[in-house]
Amino acid sequence: MSWEAEDAVIRAGREVFDGLPAEVEIRNEARVHLWYERKFGVPCPPYGSSEAAIDSFAATTWWAKAARWREQWPELTVLEWPMDRP
């Protein structure tokens, strides 16, 4: 899927979900690795499956936030995100 096609789906989703009390964010996980580092400052390798994308979402979000927090508080110690699953 091209950026243009993904953007069209994102825009359509905004209309469909407009008015909900929470933000709904539509993304094509197969393309995330193309823009993620530029936006959040940490790399995101291509996912091998939908399960891998879901598993890594919390971890990559965590590292993006941790990087911002470290800029604000350089003395902050950030612990590794646990990647093992029960």
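The values are calculated or read from the model by the stated rules, or taken from the named source; none is laboratory data. Since the structure is predicted, the reported quantities are computational estimates derived from the model, not experimental observations. Cβ placement follows ideal geometry from the backbone for every residue including glycine, while neighbour counts extend to all protein chains displayed.
Has the stretch 52-63 got any residue that is at pLDDT 80 or above, surrounded by 11 or more Cβ atoms within 10 Å (Cβ to Cβ) and in a loop (DSSP other than H, G, I, E, B)?
no
Let's see how each residue does on (1) in a loop (DSSP other than H, G, I, E, B); (2) charged (D, E, K, R); (3) within 23 Å of residue 71 (Cβ to Cβ); (4) in contact (Cβ under 8 Å) with a residue 12 or more places away in the chain:
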| site | (1), (2), (3), (4) |
| --- | --- |
| 6 | no, yes, no, yes |
| 16 | no, no, no, no |
| 20 | yes, no, no, no |
| 23 | yes, yes, no, no |
| 32 | no, no, yes, yes |
| 37 | no, yes, yes, no |
| 44 | yes, no, yes, yes |
